[in-house]
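S.K.: Could you have a look at this structure, given as structure tokens, before my questions?
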Amino acid sequence: MAERGASGLGVGGDSLRYLTDDHLRRGIEAMFFAYRGFTADPDRILADYGYGRAHHRAIHFINRSPGTTVNNLLSILGVTKQSLNRVLRTLVEDGLVDSRVGTRDKRERHLSLTDSGKALEAQLSEAQRTRMRDAFRSAGPEAVAGFRTVLEQMMDPDMRRHYRGSAEDGK
């Protein structure tokens, strides 16, 4: 008899041929509910500022790459220029993001967080790190490695390359 993991699926690659639509549906639902939990704490913090998840994503990735360009951020977030400009305008006006004209190319705008922006980012990230740390500790190292592998395999190839590149940079 095959060994069973917490999901009820056999452990190991051979067991994957037995995935049913019900197993996949349950996985999809788990992703939805996990995402809801993962975003709940930051959503409460963002609500105090009148911000949403688009603001959070922008703050996160600007923090990860200080001096990043608007075009790079557009590529990472996969949103329209109009949508990103609306978010950035608010963050700049509220003193959380600094936008500077490029030194080599005057058409570029380089983005970085102000001290206030860094403080908000730290608060948002700590809420998510706490939730993720607790889940990882509960699940154990093998589950953490499997979780990361599954997430990477769900990424589009260009996003996977970007993600792996940022991980290799130690960011």
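S.K.: Kindly evaluate R44 against the criterion of being under 22 Å from M159 (Cβ atoms), within 18 Å of the chain's Cα centre (by Cα) and part of a helix (DSSP H, G or I).
M.R.: No: the conditions fail for R44.
S.K.: Read through the list (1) part of a helix (DSSP H, G or I); (2) more than 21 Å from L77 (Cβ to Cβ); (3) basic (K, R), then give the number of the only condition that K118 fails.
M.R.: If we test K118 against (1) part of a helix (DSSP H, G or I); (2) more than 21 Å from L77 (Cβ to Cβ); (3) basic (K, R), just (2) comes out false.
S.K.: Across segment 1-41, which residue is modelled with the lowest pLDDT among those that are among the polar types (S, T, N, Q) and assigned to a helix (DSSP H, G or I)?
M.R.: The qualifying residue modelled with the lowest pLDDT is S15.
S.K.: Cβ-Cβ distance below 8 Å, separation of 6 or more or different chains: which pairs start in segment 49-68 with a residue that is at positive phi and free of Cβ contacts under 8 Å to residues at least 60 places away in the same chain and end on one that is surrounded by 16 or more Cβ atoms within 10 Å (Cβ to Cβ) and among the small types (G, A, S)?
M.R.: Filtered contacts from segment 49-68: G67/S112.
S.K.: Go through segment 15-45 and count every residue that is in contact with a strand residue (DSSP E or B) (Cβ under 7 Å, 6 or more places away or on another chain) and closer than 21 Å to H60 by Cα.
M.R.: Of the residues in that region, 0 qualify.
S.K.: Just one of (1) under 17 Å from F61 (Cβ atoms); (2) surrounded by 14 or more Cβ atoms within 10 Å (Cβ to Cβ); (3) charged (D, E, K, R); (4) touching a residue at least 12 places away in the same chain (Cβ under 8 Å) trips up R131, so point out which.
M.R.: For R131, the failing item is (1).
S.K.: Restricted to segment 91-108, and to residues that are of a type in the set (V, I, T) and surrounded by 10 or more Cβ atoms within 10 Å (Cβ to Cβ), which residue is nearest to I62 (Cα to Cα)?
M.R.: Filtering segment 91-108 for residues that are of a type in the set (V, I, T) and surrounded by 10 or more Cβ atoms within 10 Å (Cβ to Cβ), the one nearest to I62 (Cα to Cα) comes out as V97.
S.K.: Can you pull out every residue in segment 148-161 that is surrounded by 14 or more Cβ atoms within 10 Å (Cβ to Cβ) and either touching a helix residue (DSSP H, G or I) at 6+ places or on another chain (Cβ under 7 Å) or at pLDDT 95 or above (or both)?
M.R.: R160 - this is the single residue of segment 148-161 that is surrounded by 14 or more Cβ atoms within 10 Å (Cβ to Cβ) and either touching a helix residue (DSSP H, G or I) at 6+ places or on another chain (Cβ under 7 Å) or at pLDDT 95 or above (or both).
S.K.: Mind listing whichever residues of segment 109-128 are surrounded by 15 or more Cβ atoms within 10 Å (Cβ to Cβ), in contact (Cβ under 8 Å) with a residue 24 or more places away in the chain and not small (G, A, S)?
M.R.: R109, H110, L111, L113, K118, L120, E121, L124, Q128
S.K.: Follow-up. Condition check: under 27 Å from Y49 (Cβ atoms), touching a Leu at 6+ places or on another chain (Cβ under 8 Å) and touching a residue at least 12 places away in the same chain (Cβ under 8 Å). Does D94 satisfy that?
M.R.: Considered against the rule, which asks whether it is under 27 Å from Y49 (Cβ atoms), touching a Leu at 6+ places or on another chain (Cβ under 8 Å) and touching a residue at least 12 places away in the same chain (Cβ under 8 Å), D94 comes out as no.
S.K.: Looking only at residues in segment 106-147 that are among the small types (G, A, S) and under 15 Å from the mean Cα position of the chain (by Cα), which one is modelled with the lowest pLDDT?
M.R.: Across segment 106-147, the extreme among qualifying residues is A127.
S.K.: Still on this model: Is it the case that E93 is out of contact with any strand residue (DSSP E or B) (no Cβ under 9 Å at 6 or more places or on another chain), at pLDDT 95 or above and more than 20 Å from P42 (Cα to Cα)?
M.R.: When the stated conditions are applied, E93 passes them.
The values are calculated or read from the model by the stated rules, or taken from the named source; none is laboratory data. The model shown is predicted, which means the values in this text are computed figures rather than measured ones. Note that each Cβ is placed from the backbone with ideal geometry, even for glycine, and that neighbours are counted across all protein chains shown.
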